[in-house]
1. Pull up segment 90-112, narrow it to residues that are buried (at least 20 other Cβ atoms within 10 Å of the Cβ) and among the β-branched types (Val, Ile, Thr), then point me to the one that is nearest to the chain's Cα centre (by Cα).
2. Considering only segment 89-100, how many residues are without any contact (Cβ under 8 Å) to a residue 40 or more places away in the chain and either touching a helix residue (DSSP H, G or I) at 6+ places or on another chain (Cβ under 6 Å) or not hydrophobic (A, V, I, L, M, F, W, C) (or both)?
3. Just checking, how many residues over segment 64-79 are surrounded by 10 or more Cβ atoms within 10 Å (Cβ to Cβ), small (Gly, Ala, Ser) and at pLDDT below 90?
4. Inspect segment 10-17 for any residue being touching a Lys or Arg at 6+ places or on another chain (Cβ under 6 Å), more than 18 Å from Phe81 (Cα to Cα), touching a residue at least 24 places away in the same chain (Cβ under 8 Å) and surrounded by 12 or more Cβ atoms within 10 Å (Cβ to Cβ) and give the result as yes or no.
5. In segment 54-88, which residues are hydroxyl-bearing (Ser, Thr, Tyr) and over 19 Å from Pro20 (Cα atoms)?
6. Is it true that some residue in segment 104-115 is over 26 Å from Met1 (Cα atoms) and free of Cβ contacts under 8 Å to residues at least 12 places away in the same chain?
7. Examine segment 93-108 for a residue that is acidic (Asp, Glu) and within 19 Å of Asp16 (Cβ to Cβ), and state whether such a residue exists.
8. What single numbered condition from (1) part of a strand (DSSP E or B); (2) β-branched (Val, Ile, Thr); (3) more than 23 Å from Tyr47 (Cα to Cα) fails to hold for Thr131?
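The values are calculated or read from the model by the stated rules, or taken from the named source; none is laboratory data. Because the structure is predicted, anything quoted here is derived from the model rather than measured. In this analysis, Cβ positions are derived from the backbone assuming ideal geometry, glycine residues included, and neighbour counts consider all displayed protein chains.
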Amino acid sequence: MQEFLTHYKLDIDQFDLLMPIPLFPSKHRERGYNQAELLALEIKKKYNINISKNNLIKKKNTQNHAQLDKKERFTNIQGAFKIRHPDGVCGKSILLIDDLLTTGATASEAAKTLKLNGAKQVGVFCLAIAT
């Protein structure tokens, strides 16, 4: 991801915060880590952008998207996220970090939640895109 940012000269400095897509708490405990958070930590090391990893939370335990079609994914993720502290996102430019983007349903819902809570700008940066 760092090579991609460097190679394409993407303006990552426009973002105030990196925000990994959160896992539902039981999924996080089961897995033992959040892969999006690990990616965000690596980006922070190089670009020194703050990470907000506990403000955007996944409040709804959704079905695994691998078994769902595009429409079902958007329905499944609807209302899944919550902002704990709106003042932490209000007026900020936020770069969402995730490992995989397929339909964009998860990123779209997270971005919508951030915008509804006052985020000025939301970008999405993923390790991989699946078709």
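1. Out of the qualifying residues, it is Ile97.
2. 1
3. 0
4. Within segment 10-17, one or more residues are touching a Lys or Arg at 6+ places or on another chain (Cβ under 6 Å), more than 18 Å from Phe81 (Cα to Cα), touching a residue at least 24 places away in the same chain (Cβ under 8 Å) and surrounded by 12 or more Cβ atoms within 10 Å (Cβ to Cβ).
5. Thr75
6. Taking every residue of segment 104-115 in turn, none turns out to be over 26 Å from Met1 (Cα atoms) and free of Cβ contacts under 8 Å to residues at least 12 places away in the same chain.
7. Among the residues of segment 93-108, at least one is acidic (Asp, Glu) and within 19 Å of Asp16 (Cβ to Cβ), which makes the answer yes.
8. The number of the failed condition is (1).
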